[in-house]
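The values are calculated or read from the model by the stated rules, or taken from the named source; none is laboratory data. On a predicted model such as this, the values are computed, not experimentally measured, just so you know. Cβ: placed from backbone, ideal geometry, glycine included. Neighbour counts: every protein chain shown. Heads up: the accessible areas ignore ligands, DNA and RNA and are worked out on the full protein's heavy atoms, side chains in. Shrake-Rupley method; radii C 1.70, N 1.55, O 1.52, S 1.80 Å.
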2 protein chains.
Amino acid sequence: MKDKQTLMKEGPNMQDYTTMSPHDVRALIREETITGQTSGMCAGYAQANLVILPKALAYDFLLFTQRNPRSCPLLEVSDTGSRTLREIAPGADIAKDIPRYRLYRNGNLEGEYTDVSPLWQDDFVSFLIGCSFSFEAELLEAGVPVRHIEEGCNVPMYKTNIPCAPAGVFHGNMVVSMRPIPHELIPRAVLVTGDMPRVHGAPIHIGSPEIIGITDIYQPDFGDMVTIRPGEVPVFWPCGVTPQNVVMESRPPIAITHAPGHMLITDIKNTELKY
Amino acid sequence: MKDKQTLMKEGPNMQDYTTMSPHDVRALIREETITGQTSGMCAGYAQANLVILPKALAYDFLLFTQRNPRSCPLLEVSDTGSRTLREIAPGADIAKDIPRYRLYRNGNLEGEYTDVSPLWQDDFVSFLIGCSFSFEAELLEAGVPVRHIEEGCNVPMYKTNIPCAPAGVFHGNMVVSMRPIPHELIPRAVLVTGDMPRVHGAPIHIGSPEIIGITDIYQPDFGDMVTIRPGEVPVFWPCGVTPQNVVMESRPPIAITHAPGHMLITDIKNTELKY
């Protein structure tokens, strides 16, 4: 591997991000060298979705995550007003260490930012939720291909007709991510991911997109479409974009999330999350 | 098995409770035929600890459970003011279907009750937390003895020096349950229980009570002492009495819990909690 100086001069490529430490990649994100999606970076380390809400809505949202552990496996909740985390990424700045954020006011997308520190409020609570990017290193290791990594793009994500359990003001349907899997490798993909419930675990659906309300597999609601080859079946996992989709429907005065696919890379190895 | 009429006349014994359905045992609890501890009842079904708090403290407590999943694996949270559950025991009455409750005011134990419906408040939120009684059927099936079931008493429980992660007003140390295990069966006991994280999972300590701050193994803080035979080692699991111990230290105006060992028996099989 190249030393960091060379890396910085040449501009690191995807291969370098795969083997770099979370700490070093977060530093490149903080200085805005990296502003793109994070799939494949820091292989073996868990990645996390972000939802920031005012304290007034935090109880209902925390209850929502408790009632919907498949789509909202909670990795950490900040103290009110704090931009730091204790467990999953000590030293990280919640307001700067994600490549791209979305700001919503009253449920409307107001803009995307690479740094939300100027928007910070004393009553903000940050929720970090497991992300299926985390288990992709384990899929690859088990010989299961991950198409959006091969094609260097974001994972395709879809809104479904699968209802979440409501909690307080929050209700809505699940969002899923999709990976096309060679049909003979599907049991292996289920077993590998089923062993990692804190980053979404086993698939929620295999094979027939229309059953879960996806009318056009070629038009994802978030992320990029990937190639589905002959002999491959679309496999769907619960997605951490679910809570931001649900939160937006309740039109909170302000909410900040990551942009889909642009995650917090944590210091926690996926294997640590099993226990 | 005897029919219910005969059972009621004779007074059912422990063997009958082991194989009875959760629904039927809860009915006997509601009518106060059963007022004792529930270890061994309804083998294979998850049992749950209870903490009831006013809504004003519910966010801090929910956050406490999120930060301490080993001692506080949350199975369900009621809607505010509701005495019913959706997921783990539909049809159960939270205020009547536990054999024995404890009422605390300002952190002081005021009394024990078999029915807390006269005390109910519109702002009560009920937290149901996994209990290690749940995995005892699996231990027995794997050939691991469970001494307090053999001796027909409550499990011994101890306060420790293991700090919980604080959340808001709540902080304090973990409470553990203890089972003496023949030394050669300890790996098996770890593997069987480690597979069931939502009912406390693997042991938190094996072998040296003094390391975790237990000075006299023969004086449990809750429950009953059991025999430790030659060749057996005390094994300690995180216990759902932890949150009630922690809650009491914060001296809420009112709190209701189960009495240690006197659990809610749910309709959820332990095996369902794995996925």
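Assorted remarks:
- Going through (1) in contact (Cβ under 8 Å) with a residue 60 or more places away in the chain; (2) hydroxyl-bearing (Ser, Thr, Tyr); (3) open to solvent by less than 20 Å² (accessible area, probe 1.4 Å) one by one, B:THR114 falls short only on (3).
- Odd one out for A:MET248 among (1) surrounded by fewer than 21 Cβ atoms within 10 Å (Cβ to Cβ); (2) more than 26 Å from A:GLU112 (Cβ to Cβ); (3) of a type outside the set (Lys, Arg): (2)
- Condition met for B:TYR17 (in contact with a helix residue (DSSP H, G or I) (Cβ under 9 Å, 6 or more places away or on another chain), more than 23 Å from B:GLY223 (Cα to Cα) and in a helix (DSSP H, G or I)): no
Let's see how each residue does on (1) under 17 Å from the mean Cα position of the chain (by Cα); (2) not small (Gly, Ala, Ser):
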{"site": "B:ARG102", "(1), (2)": "yes, yes"}
{"site": "B:GLY107", "(1), (2)": "no, no"}
{"site": "B:PHE127", "(1), (2)": "yes, yes"}
{"site": "B:GLY130", "(1), (2)": "yes, no"}
{"site": "B:SER134", "(1), (2)": "yes, no"}
{"site": "B:GLU138", "(1), (2)": "yes, yes"}
{"site": "B:GLU141", "(1), (2)": "no, yes"}
{"site": "B:LYS159", "(1), (2)": "yes, yes"}
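- If the condition is being surrounded by fewer than 19 Cβ atoms within 10 Å (Cβ to Cβ) and either within 14 Å of chain B (Cβ to nearest Cβ) or of a type outside the set (Asp, Glu) (or both), then segment A:175-186 contributes A:PRO182, A:HIS183, A:LEU185, A:ILE186.
- Evaluation of B:THR84 against (1) surrounded by fewer than 20 Cβ atoms within 10 Å (Cβ to Cβ); (2) in contact with a helix residue (DSSP H, G or I) (Cβ under 6 Å, 6 or more places away or on another chain) (one fails), failing number: (2)
- For segment A:152-174, a residue qualifies if it is crowded, with 21+ Cβ neighbours inside 10 Å and closer than 27 Å to A:THR38 by Cα, and the qualifying residues are A:ASN154, A:VAL155, A:PRO156, A:MET157, A:TYR158, A:THR160, A:CYS164, A:MET174.
- Flag if A:ARG70 is without any contact (Cβ under 8 Å) to a residue 24 or more places away in the chain and either open to solvent by 10 Å² or more (accessible area, probe 1.4 Å) or more than 22 Å from B:THR65 (Cβ to Cβ) (or both): no
- Restricting attention to segment A:123-172, the residues being acidic (Asp, Glu) and in contact with a helix residue (DSSP H, G or I) (Cβ under 9 Å, 6 or more places away or on another chain) number 4.
- For the condition within 14 Å of another protein chain (Cβ to nearest Cβ), assigned to a loop (DSSP other than H, G, I, E, B) and under 23 Å from A:ASP195 (Cα atoms), A:ARG86 does not qualify.
- Segment A:187-209: number of residues that are of a type in the set (Val, Ile, Thr), more than 14 Å from every other protein chain (Cβ to nearest Cβ) and farther than 14 Å from A:GLU136 by Cα: 1
- Of the residues in segment A:222-230, not one is within 22 Å of A:ARG67 (Cα to Cα) and either among the charged types (D, E, K, R) or surrounded by fewer than 23 Cβ atoms within 10 Å (Cβ to Cβ) (or both).
- Within segment B:45-79, the residues that satisfy the criterion of being at the interface with another protein chain (Cβ under 10 Å from one of its Cβ atoms), in a strand (DSSP E or B) and not acidic (Asp, Glu) are B:LEU74, B:LEU75, B:VAL77.
- Verdict on A:ILE149 being of a type in the set (A, V, I, L, M) and surrounded by fewer than 20 Cβ atoms within 10 Å (Cβ to Cβ): no
- Tallying residues that are over 13 Å from A:MET174 (Cα atoms) and not β-branched (Val, Ile, Thr) within segment A:200-221 yields 10.
- Checking every residue in segment B:90-105 against the condition of being within 14 Å of chain A (Cβ to nearest Cβ) and either small (Gly, Ala, Ser) or touching a strand residue (DSSP E or B) at 6+ places or on another chain (Cβ under 9 Å) (or both) gives at least one match.
- Residues located in segment A:209-221, provided they are open to solvent by less than 40 Å² (accessible area, probe 1.4 Å) and over 30 Å from A:ALA58 (Cα atoms): A:PRO209, A:ILE214, A:ILE217
- Sole exception among (1) touching a residue at least 60 places away in the same chain (Cβ under 8 Å); (2) open to solvent by less than 20 Å² (accessible area, probe 1.4 Å) for B:ILE204, by number: (2)
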